[in-house]
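Chemist: Quick one: this structure, given as structure tokens, is what I'll be asking you about.
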Amino acid sequence: MAENAKPKRLGFWFTFLPPFAWMTVLYFVPLVALLTYAFQRHEYVRIIHEFTWENFQQIATNPGYRNTLWRTLWIANLVTLIDTLLALPVAWFLAFHAGRFKRTLMILVLLPLWSSYLVRVFAWRIILGYNGVLNGFLVHTGILREPSTLFLYNKFSMVLTLCYIWLPFMVLPLTTAFERLPTRLLEASADLGARPFTTFRRVTIPLVLPGLLAGGLSVFSLTMGDYITPSLIGGAGDILVGNLVASQFGVAANWPLGSAFAAVVLVVIFCVMALLSRKGVLENL
Amino acid sequence: MNDQAVILESVSRAYGNVRAVDNVSLTIHAGEFFTLLGSSGSGKTTTLRLIGGFETPDAGRVLIGGVDVTRLPAYKRNVHTVFQDYALFPHLNVFDNVAFALSLKNLSRDELRRQVGAALELVQLAGYEDRKPGQLSGGQQQRVALARAIVDHPAVLLLDEPLSALDAKIRGEVREEIKRLQRETRITFVYVTHDQEEALTMSDRLAVMRGGRVLQLGTPLDVYERPADLFVAEFVGKANFLDGQLTSQAGTRATIRIADQTVDATLAFPIATGAAVRVMIRPENLRLQPPGQPGFTGVVTQSQYLGHATQYLVQSGALTLRVLELRRRGTVPHAEGAAVVVNWNWEEALVYPQTKAE
């Protein structure tokens, strides 16, 4: 027994240590550093090493910061909702009706993820801009007399771009969830007298819920942390928490406040995850 | 209530080139235990799905309770199904699974509770309301599926090989349970199986299917004792087939020459004298007698003691005969190698035309 246990234990340490070290050095230590900064005082460009709630008080009392937080939450929820509604029919089609085109279509869904994030965001500028594709089309067809400035640099364009960018993260788990859904159960529901919509509501949705929430969690957290789309596509007043973090670590050089913002976002996402883990969502990520 | 629970009128359903159901006409009476018996690919499951509304026929009509439902989707038919793999909703507990059909109707909470309770009582699962399907054994899941399907008293209950996923051990138990349930609820049962023993023991009437067609429709007694053709004879129960020539006939009594023997058998159909025929006789209808008696003289090549009976293989010239002899007090099984004579009562053997179609 003891003879046998030795190589087993050795194997355990060999497989456990590298990822453990990786996570410790590159993830856990920076996280602790970040959380430490969040509770330290900032004076000009210096960090004073003493414990304080000042940064969080500032976030809570400054209306600009507070509004940005609320706006971020609101936008993240909206993007998640829109992506859910968009992904449901797409995933349904992929899982049940795509037939032999399924692989190709799946690759098409994934393809944007292999291209640069910046390129994809800029693409929307080209589409929505004053001299953009959309305006060109509308003016050419005579629907508009002159190009409109309404398409870009506002909440609409920001939400549109965010929805587009994160959509694959919703489609994938949802498609998997639909694929795992036994069609026999949908037949059973119809057999017992349920109309198609009732079947969808009472059988389909509950059974794909873990996949749906897993996708939702991805889209939600990715939106919560994004700062490039708001600054490139959004309007002047549409910045998100991510922009605050970026500017506090950058121009403002106020690392403690930036850390505090990051900590708030982390706590929000952890709360959502804690809520969802009870529904078995994390196993479906 | 209409006496005809289900009527299929010249129903056909094809998948590509395969005629899964080929011009099938059936009438299933109200309150009857009706079985569709056939091997895989015989069209029995497709027939069931046509009644359930999961398939639409290419031709023909489906009537339930006298009403044409050919174009009605499953959810508009007063028919429930017990699926082969039960198809219980994994996210709902036993109570909510059973309550599913009722919950779609406008029932008071108390009434719903009462009816679900009654259904669970009927399948002896009272007290399991809060369990999830995953926490139940196969037999229990089966009973939940039954309760779910009978809870609102459908006109017809369809059962798709409900015993095939169960251990042989509890299969017999569940079989009796299903039979009892049918007697108590008086619901019309349409039962699909490939197991001829299930079909014979459970059904009031059965249809033997093959290649999308109904070969024979009748009571288990009809089907076993007067099979419509040689395929049915072979598929339902065991049988010996002896090829010969019809030499003469008087009424239904035919005289047939088989090898160098002349034997008598019953004509199931009018057949011309001189025709090549095949005689079908069940193993239990063959008699083993000491040498010297009229019949096929042969040697016991295999003797299997089954307890209630002994099964023999007897070789007589080129013929191999399967004989089943019930055990009686004081008789000794014939040993392998023993010389015997095999014969039969002419009423027990049936004559069929020899068709090379099979």
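Chemist: Residues being within 14 Å of another protein chain (Cβ to nearest Cβ) and loosely packed, with under 15 Cβ neighbours inside 10 Å: count how many of those fall in the range B:112-144.
Modeler: Number satisfying all stated conditions: 1.
Chemist: Answer yes if at least one residue in the range B:96-111 is within 10 Å of another protein chain (Cβ to nearest Cβ) and of a type in the set (S, T, Y), and no otherwise.
Modeler: Within the range B:96-111, one or more residues are within 10 Å of another protein chain (Cβ to nearest Cβ) and of a type in the set (S, T, Y).
Chemist: Mind counting the residues in the range B:260-304 that are assigned to a strand (DSSP E or B) and crowded, with 16+ Cβ neighbours inside 10 Å?
Modeler: Total satisfying the criteria: 18.
Chemist: Give the number of residues within the range A:227-246 that are surrounded by fewer than 21 Cβ atoms within 10 Å (Cβ to Cβ) and over 15 Å from A:L69 (Cα atoms).
Modeler: 5
Chemist: Could you check the range B:148-259 for helices (runs of 4 or more DSSP H) lying wholly inside it with 2 or more residues that are among the small types (G, A, S) and modelled with pLDDT under 95?
Modeler: B:168-185
Chemist: Filtering the range B:43-72 down to residues that are within 18 Å of B:D160 (Cβ to Cβ) and aliphatic (A, V, I, L, M), which residue is farthest from the other protein chains (Cβ to nearest Cβ)?
Modeler: B:V62
Chemist: Kindly provide the set of residues from the range A:245-260 that are over 17 Å from the mean Cα position of the chain (by Cα) and within 17 Å of A:L222 (Cα to Cα), ordered by number.
Modeler: Selection gives A:A246 alone.
Each row is one residue, and each column tells you yes or no for (1) hydroxyl-bearing (S, T, Y); (2) under 30 Å from A:G234 (Cβ atoms).
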{"residue": "A:L10", "(1), (2)": "no, no"}
{"residue": "A:L17", "(1), (2)": "no, no"}
{"residue": "A:T24", "(1), (2)": "yes, no"}
{"residue": "A:L35", "(1), (2)": "no, yes"}
{"residue": "A:V45", "(1), (2)": "no, yes"}
{"residue": "A:Q58", "(1), (2)": "no, yes"}
{"residue": "A:N67", "(1), (2)": "no, yes"}
{"residue": "A:A76", "(1), (2)": "no, yes"}
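Chemist: Same structure, new question: Of all residues in the range A:172-194, which are away from every other protein chain (no Cβ under 14 Å) and buried (at least 22 other Cβ atoms within 10 Å of the Cβ)?
Modeler: A:P173, A:L174, A:T175
Chemist: Tell me, yes or no, whether the range B:148-155 has at least one residue that is crowded, with 16+ Cβ neighbours inside 10 Å and charged (D, E, K, R).
Modeler: The answer is yes; a qualifying residue exists.
Chemist: Follow-up question, since we're still on this one. Which ones in the range B:17-62 are more than 23 Å from the chain's Cα centre (by Cα) and not polar (S, T, N, Q)?
Modeler: If the condition is that a residue be more than 23 Å from the chain's Cα centre (by Cα) and not polar (S, T, N, Q), then B:V18, B:P57, B:D58, B:A59, B:G60, B:R61 are the ones that fit.
Chemist: Can I ask one more? Considering only the range B:1-103, give the strands (runs of 3 or more DSSP E) lying wholly within it that have at least 3 residues that are of a type outside the set (A, V, I, L, M, F, W, C) and surrounded by fewer than 17 Cβ atoms within 10 Å (Cβ to Cβ).
Modeler: So the answer is B:4-15, B:18-29.
Chemist: Sticking with this structure for a sec: Evaluate the following for A:F14: is it surrounded by 12 or more Cβ atoms within 10 Å (Cβ to Cβ), in a helix (DSSP H, G or I) and free of Cβ contacts under 8 Å to residues at least 24 places away in the same chain?
Modeler: no
Chemist: Only one of (1) touching a residue at least 60 places away in the same chain (Cβ under 8 Å); (2) in a helix (DSSP H, G or I) is not met by A:L275, so which one is it?
Modeler: So the condition that A:L275 fails would be (1).
Chemist: Same structure, new question: Here is a list: B:Q124, B:Q135, B:Q141. Which entry is polar (S, T, N, Q) and either in contact with a Gly (Cβ under 7 Å, 6 or more places away or on another chain) or closer than 23 Å to B:D195 by Cβ (or both)?
Modeler: Of B:Q124, B:Q135, B:Q141, the one residue that is polar (S, T, N, Q) and either in contact with a Gly (Cβ under 7 Å, 6 or more places away or on another chain) or closer than 23 Å to B:D195 by Cβ (or both) is B:Q141.
Chemist: Return the residue satisfying two criteria in turn: it lies in the range B:323-334 and is assigned to a loop (DSSP other than H, G, I, E, B) and either more than 35 Å from the chain's Cα centre (by Cα) or not hydrophobic (A, V, I, L, M, F, W, C) (or both), and of such residues it is nearest to B:T301 (Cα to Cα).
Modeler: This residue is B:H334.
Chemist: A further question on this structure: So which of A:P210, A:P168 is touching a residue at least 40 places away in the same chain (Cβ under 8 Å) and either more than 17 Å from the chain's Cα centre (by Cα) or away from chain B (no Cβ under 11 Å) (or both)?
Modeler: Of the residues listed, the single one that is touching a residue at least 40 places away in the same chain (Cβ under 8 Å) and either more than 17 Å from the chain's Cα centre (by Cα) or away from chain B (no Cβ under 11 Å) (or both) is A:P168.
Chemist: Six or more apart or on different chains, Cβ atoms under 7 Å: show the pairs whose first residue is in the range B:210-231 and among the β-branched types (V, I, T) and whose second is assigned to a helix (DSSP H, G or I).
Modeler: Within 7 Å, the pairs are B:V223/B:V232.
Chemist: Now, a different point. Quickly run through the range B:78-93 and pick out the residues that are at the interface with chain A (Cβ under 7 Å from one of its Cβ atoms), over 24 Å from the mean Cα position of the chain (by Cα) and among the hydrophobic types (A, V, I, L, M, F, W, C).
Modeler: If the condition is that a residue be at the interface with chain A (Cβ under 7 Å from one of its Cβ atoms), over 24 Å from the mean Cα position of the chain (by Cα) and among the hydrophobic types (A, V, I, L, M, F, W, C), then B:F89 is the only one that fits.
The values are calculated or read from the model by the stated rules, or taken from the named source; none is laboratory data. Bear in mind that the values here come from a model prediction, so they are computed numbers and not experimental data. Positions of Cβ are generated from backbone atoms using ideal geometry, with glycine treated the same way; all protein chains shown enter the neighbour counts.
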